[in-house]
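Read through the structure below, which is laid out as structure tokens, and then see the notes.
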Number of protein chains: 2
Amino acid sequence: MPEAKSPNRYTLRDVARRAGVSLGTASKALNKSGTLRSETRDKVLLAANELGFRPNDLAQALHRGQSFTVGLISNDSFGRFTMPIMEGLETVLHEAGIALFMCNATDDPEREKRHIDQLLGKRVDGLVFTGRRADRRPAPGLALGNLPVLYVFSQSDEPDAACLLPDDEGGARLATEHLLALGRTRIAHVTGPEDFEAVRLRRRGYEASLSQVDPTLILHGPWSEAWGREAATRLLALPNRPDAIFAGNDQIARGIVETLRDKAIAVPDDIAVIGFDNWSVMAEASRPQISSIDMNLKSLGEEAGHRLIRMIRGESQGGTSRLPCTLVPRASTTTTP
Amino acid sequence: MPEAKSPNRYTLRDVARRAGVSLGTASKALNKSGTLRSETRDKVLLAANELGFRPNDLAQALHRGQSFTVGLISNDSFGRFTMPIMEGLETVLHEAGIALFMCNATDDPEREKRHIDQLLGKRVDGLVFTGRRADRRPAPGLALGNLPVLYVFSQSDEPDAACLLPDDEGGARLATEHLLALGRTRIAHVTGPEDFEAVRLRRRGYEASLSQVDPTLILHGPWSEAWGREAATRLLALPNRPDAIFAGNDQIARGIVETLRDKAIAVPDDIAVIGFDNWSVMAEASRPQISSIDMNLKSLGEEAGHRLIRMIRGESQGGTSRLPCTLVPRASTTTTP
DNA sequence: TTGAAAGCGCTAACAG
DNA sequence: CTGTTAGCGCTTTCAA
């Protein structure tokens, strides 16, 4: 019934026939394996070229027991954070000749299970999980045997799972120390919901950088500009106003900056502001533009690719590692840009 | 050398052995093909279950000449527009048991060629191209035979290529007519660079909705908030100010709204503003929130999936189709939200 | 109703 | 140095 045929009609046998050699010889020539006379090899390569021959990876994979594919399961419905990760991952894997299956599970365990099932059927060489929230997530229910599994921007409950995350705490320290270096003494922290591990880690980095923390300067709320505006208003009403604000993300930072602008409070002179994520459409559209912490997600994706390749080779084992963040200064913390 | 083994060690032969039947019988039982005694079938299914048997798609594909995979090649480096398209596409394909290879070409022809090559090697059943700019793009250089190829949010030069796009012109008409329905008479259009086909189409829709167009009210510039701010300033300096502005995207719209806010011009009472893209982080963070036109990209992706499946079945042929946009009214055009 | 066998396209071990 | 052959795991005639 399936009449559909791949565009490449030619098989190795066709190449061999055209080159006037045997099947095995053609295979050796194309895989540079065994020892052939260079004349014969050239004959085969020529024939292959003329025919536009392209080996059938399916057959290769079937034989070798390795498919040169990996699956990526995202729980962020391909959101803003997943994108650069995917990009870095795909680049590195592609260079290694590995193709990437994309699956979107959107935090639906049933969907995720079906995806894993499908990927196992396709005999992927590895699996990458990624998710919007870098919180602990349950290990996938299915038996994966010893299939390499990597969690990126996401974590597993299994003790020695391989996880790759940005160093949120370090990033927060970067931000806070940047503000301290400006000579600021009362630094507020307006951030996201406390049930995000990233929020807790960033807060910890912030607190660790200060000689003493003032709890009235720490405000949790949703990840939105509206919250940034509200929090700014609250901070301004304080008897002892902050002279700097470290925001948990760039949307909050932008809300803060806009409110300060509305009230004609100079940024950064009166109050310096720094965000997190370095989301350029936010940070650069704001007036003034917002300094931020970049999580280097593309590098995270690239590192994930390298690590997964090592795991597939059987070289590397699990464990959590965190990649450093980078400070991106802009006008909201620097008087002369 | 490749010692890597898939987690599923069990083969159909193992299942057959365990069920005490022949290989062929096991296959028939699992594929519900042929006619077997229900007793035998159950025996096989039981054995398969106990073993956690999962057929090897590679072997199936090799035999059937159909891989149940398709490739998606993005030129948007997995950007904001590609995401929802991917999401819709993946959902529909997954339901049909088809897995999606993700490739990022980023407008690099060489990279794109390598990706296509790899995908052909994997014997994909179809190919989807997508790109940030819905402009004409050259057909891929390689011979694809009669492999189904679909362009989504992107186009090909081949005359009868299958293309799926949002109806930009219709969307622009929706926006303009919405403003007209508010009783506005001087409607400006602040939009993106003229070399985008989408910009030209939206402008055409805008012009088509007006009884007479005033060229001084049409401004082209970059896709940024900064441009929105500048354009707004220019429009306000006009002797005969507009009473409504249709922006080419939500970033421009937001720049406009902010400038109006700065100058204490009431939105929508003095000047109504509508955007395009319905990018909620922009539209909903603005004060007031911005009405916009939604391109329904997720639906576009879903429709792409359905269409591609039809093409794979050999059912459907090429041609360009455009899917309708939707008006999403918010406070920037409606006095009582 | 079930079993045996051929073959999808390729690789690798073994002969010649 | 090159040809032959036996599979990888599955589906599908064709016999029994």
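A short reminder: the numbers here are calculations on the coordinates, not readings from a lab. Small disclaimer: the values here were computed from a predicted structure and weren't measured. Cβ coordinates were reconstructed from backbone atoms using ideal geometry, including for glycine residues, and neighbour counts include every protein chain displayed.
Dipole of the protein assembly as shown computed with +1 at Lys/Arg Cβ and -1 at Asp/Glu Cβ about the Cα centre; of A:Ala99, A:Ile265, B:Val213, farthest Cα towards the positive end is A:Ala99.
Taking 17 Å as the cut-off, the amide N atoms of segment B:266-299 that come nearer than this to a point 7 Å along the Cα-to-beta-carbon line of B:Arg80 belong to B:274-287, B:289-298.
Relative to the longest principal axis of the Cα atoms of chain A, the long axis of helix A:168-181 makes an angle of roughly 40 degrees. In sequence order, segment B:203-217 has phi-based couplings of 4, 4, x, 4, 5, 5, 7, 9, 6, 8, 9, 10, x, 5, 9 Hz under the Karplus curve 6.51 cos²θ - 1.76 cosθ + 1.60, θ = phi - 60°, and Gly or Pro positions carry x.
Were the residues from A:Ala96 through A:Thr233 laid out at 0.36 nm apart, the gain over their Cα-Cα distance would be 44.1 nm. Computed about the Cα centre, the dipole magnitude for the protein assembly as shown is approximately 2140 debye when only Lys and Arg (+1) and Asp and Glu (-1) carry charge, each at its Cβ. In the protein assembly as shown, taking the dipole from charged Cβ atoms about the Cα centre, the farthest positive-side position among A:Asn249, B:Phe68, B:Ser299 is held by B:Phe68. The equivalent ellipsoid that matches the C-alpha gyration tensor of segment A:7-55 spans semi-axes of 17, 10, 9 angstrom, in descending order.
Axis-proximal residue of chain A for the rotation onto chain B, reported as residue and distance in whole Å: A:Met102, 2, based on Cβ position.
In order along segment A:193-200, the Karplus-derived 3J(HN,Hα) couplings, from 6.51 cos²θ - 1.76 cosθ + 1.60 at θ = phi - 60°, round to x, 5, 7, 8, 4, 4, 5, 5 Hz, and Gly and Pro are given as x. Relative to the dominant Cα principal axis of chain A, helix A:250-262 is inclined by about 30°.
Fraction of C-alpha pairs exceeding 14 angstrom in segment A:74-118: 54 percent, rounded to a whole number. Mean projection of the Cα convex hull over all viewing directions, computed for segment A:168-295: 6.6 nm². Annotation: the residues B:Ile265, B:Ile116, A:Ile252, sorted from fewest to most other C-beta atoms within 10 Å of their own C-beta, follow the order B:Ile265, B:Ile116, A:Ile252. Its Cα centre serving as origin, chain B has a Cβ charge dipole (Lys and Arg +1, Asp and Glu -1) of approximately 1280 debye. With the label put 7 angstrom out from Cα along the Cα-to-Cβ vector, B:Glu177 ends up 6.0 nm from the copy partners, going from closest to farthest. Who wins for biggest fluctuation among B:Val267, B:Val92, B:Val281 in a Gaussian network model of chain B, springs between alpha carbons below 10 Å? Highest fluctuation of the listed residues: B:Val281.
Between B:Gln289, B:Phe276, B:Gly183, the Cα set farthest toward the positive side of the dipole of segment B:168-295 (charges on each charged residue's Cβ, about the Cα centre) is that of B:Gly183.
Across segment A:293-337, the residues whose backbone nitrogen lies under 19 Å from the label position 7 Å along the beta-carbon direction of A:Glu177 are A:293-296, A:322-330, A:333-334. Distances between placed amide hydrogens fall under 5 Å for A:Ala162 paired with A:Tyr151, A:Gly319, all partners being 5 or more residues away or on another chain.
Over 40 Å, how big is the tail of the calculated P(r) for the protein assembly as shown, in percent of all Cα pairs? Every Cα pair in the protein assembly as shown considered, those over 40 Å come to 41 percent.
Across identical copies of the chain, A:Gly97 has label-point separations of 3.0 nm, listed in ascending order, with the point defined 7 angstrom from Cα along Cα→Cβ. Spacing of the modelled spin labels on A:Asp117 and A:Gln60, each 7 Å from Cα toward Cβ, amounts to 3.1 nm.
For chain B, the longest principal axis of the C-alpha atoms and the axis of helix B:109-121 are separated by about 30°.
Amide H contacts of B:Ala244 (H built 1.01 Å from N, in plane; Pro and chain starts excluded): B:Arg186, B:Ala188, B:Ala272 sit under 5 Å, all sequence-distant by 5 or more or on other chains.
The eigenvalues of the Cα gyration tensor, multiplied by 5 and square-rooted, give chain A an equivalent ellipsoid with semi-axes of 53, 21, 17 Å from largest to smallest.
Computed 3J(HN,Hα) for segment A:17-34, one whole-Hz value per residue from the Karplus formula 6.51 cos²θ - 1.76 cosθ + 1.60 where θ = phi - 60°, is 4, 5, 7, x, 10, 8, 4, x, 4, 4, 4, 4, 4, 6, 9, 6, 9, x, glycine and proline marked x. Distances between placed amide hydrogens fall under 5 Å for A:Thr69 paired with A:Ala99, A:Asp125, all partners being 5 or more residues away or on another chain. Shown for A:His63: label points 7 Å from Cα along the beta-carbon vector, and their distances to the equivalent points in the other copies, 2.0 nm in ascending order. The lysines whose alpha-carbon is closer than 23 Å to the alpha-carbon of B:Lys122, local same-chain residues fewer than 8 away aside, are A:Lys5, A:Lys28, A:Lys32, A:Lys122, B:Lys5, B:Lys113. Label separation (A:Asn31 vs A:Ile265): 6.9 nm, computed from points 7 Å beyond Cα along the C-beta direction. Here segment B:168-295 is assigned +1 on the Cβ of each Lys and Arg and -1 on the Cβ of each Asp and Glu. Its dipole about the Cα centre then comes out at about 340 debye.
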